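Each remark here refers to the structure printed beneath this line.
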Amino acid sequence: AISDRACTLEKHRAMAIRQDIPFVVAFIDIDHFKQTNDRYGHRIGDQVLGELAQLLQSSVREVDLAARYGGEEFILLLSGLELSTAERVMERIRESVEVHSFSDMGLHQTVSVGVAAYVPDEEGDEVLSRADRMLYVAKHEGRNLVRVDWTEASESGSAGNAAAPDDSAKDDGA
């Protein structure tokens, strides 16, 4: 499945380069998932993972990719979206996870989300790295948050009129 994701990422990059179609990468991580596994067992943990995968898949369009990236982390590739629109989509998804009852136990989970837009001429792993950094910021700032990398998007002009957030959280070792 990892090679499938890499192939899909390269297809998105090719469309962005040849056809000027933007895309956004989002990493989604289940907050405190280890505690869920430790308290309720791996069977319930697996149910949570499966239900989250279904929720993510049903929350995006057919042209988008929603896949488990590893552990309790998922990746979304959102095609044709500007960063400001993707931020709203990810906030809607974050809210839908927060109110969802997972597994037979009716558990409530939250997710942290890191988002970055592909910048022309960057390698695929660079946009992944920026989205991953934003996921770390979301975790560091308290979890159950969506954090967006506006830096590169602002420089490339794809963020439109969106203002860049305060980056002070990154300066304290995050």
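Would you mind computing, in nm to one decimal, how far apart the modelled labels at Asp20 and Arg39 are, each placed 7 Å from Cα along Cα→Cβ?
5.1 nm
What FRET efficiency comes out for Glu122 versus Glu98 if R0 is 30 angstrom and r is the Cβ-Cβ distance? Round to the nearest 0.05.
With R0 = 30 Å, the Cβ-Cβ based efficiency is 0.40.
Heavy-atom accessible area of Thr85 with all protein chains present, probe 1.4 Å, nearest 10 Å²?
Using a 1.4 Å probe on the heavy atoms, I get roughly 50 Å².
With a 1.4 Å probe and all protein chains left in place, how much accessible area per residue does region 48-97 have, in Å²?
44 Å²
Using a 1.4 Å probe and ignoring any ligands, DNA or RNA, find the accessible area of Ser96 and quote it in Å² to the nearest 10.
About 40 Å², ignoring ligands and nucleic acids.
Using a 1.4 Å probe over the heavy atoms of the protein chains, calculate the carbon and sulfur portion of the accessible area of region 38-80 as a whole percent.
Roughly 46 percent, rounded to a whole number.
For the pair Arg143 and Met105, how long in nm is the line joining their label points, each one 7 Å along Cα→Cβ?
So the two model labels end up 1.4 nm from each other.
For Ser129, Ser103, write out the residues from largest to smallest accessible area, computed with a 1.4 angstrom probe and no ligands counted.
From most accessible down to least: Ser129, Ser103.
The values are calculated or read from the model by the stated rules, or taken from the named source; none is laboratory data. Model, not experiment: these values are computed from the prediction. Neighbour counts are summed over all protein chains in view; Cβ atoms, including those assigned to glycine, are modelled from backbone coordinates with ideal geometry. These area figures cover heavy atoms from the full protein model, side chains too; ligands, DNA and RNA do not enter into them. Shrake-Rupley method; radii C 1.70, N 1.55, O 1.52, S 1.80 Å.
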